[in-house]
Amino acid sequence: MSAFVCPVCRYPELAEPPRTDAGPSYEMCPSCGFEFGVTDDDRGISENEWRRRWLAEGARWQSTAPAPPGWDGAVQALG
Ligand SMILES: [Zn+2]
């Protein structure tokens, strides 16, 4: 099983590639909450804009599932 990196927040454990030639994954990133194919295509919010907003709002974990131990959204996204 491989994992994929979120292009918005660099969360490294997405289950599917966010976007392929076949289209978006419709997976929601548990870290930043970006939903590939919905946030961008349906709502018209770019990955860069979403990253800016998410960081401005405190880079909080977005899933109802618990965050990984030691997870820090800002550190992950900004290195
Ligand atoms: Zn993300």
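Between Ala74 and Asp42, the modelled labels are 3.1 nm apart [label points 7 Å from Cα along Cα→Cβ].
For the chain, the residue among Thr39, Ser63, Pro17 whose Cα projects farthest onto the positive side of the dipole built from Cβ charges is Ser63. Please report, to two decimal places, log10 I(q)/I(0) for segment 1-68 at q = 0.16, 0.17, 0.21 Å⁻¹ as given by the Debye formula with identical point scatterers on the Cα atoms and no solvent. Once normalised to I(0) and log-transformed, intensities are -0.50, -0.56, -0.85. In this label model, Glu49 and Glu13 are separated by 3.0 nm, measuring between points 7 Å along each Cα→Cβ vector.
Here, each number is a calculation from the coordinates, and none is a lab measurement. Predicted, not measured: the structure shown is a model, and the values here were computed from it. Here Cβ is always computed from backbone atoms with ideal geometry, including for glycine, and neighbour counts include all displayed protein chains.
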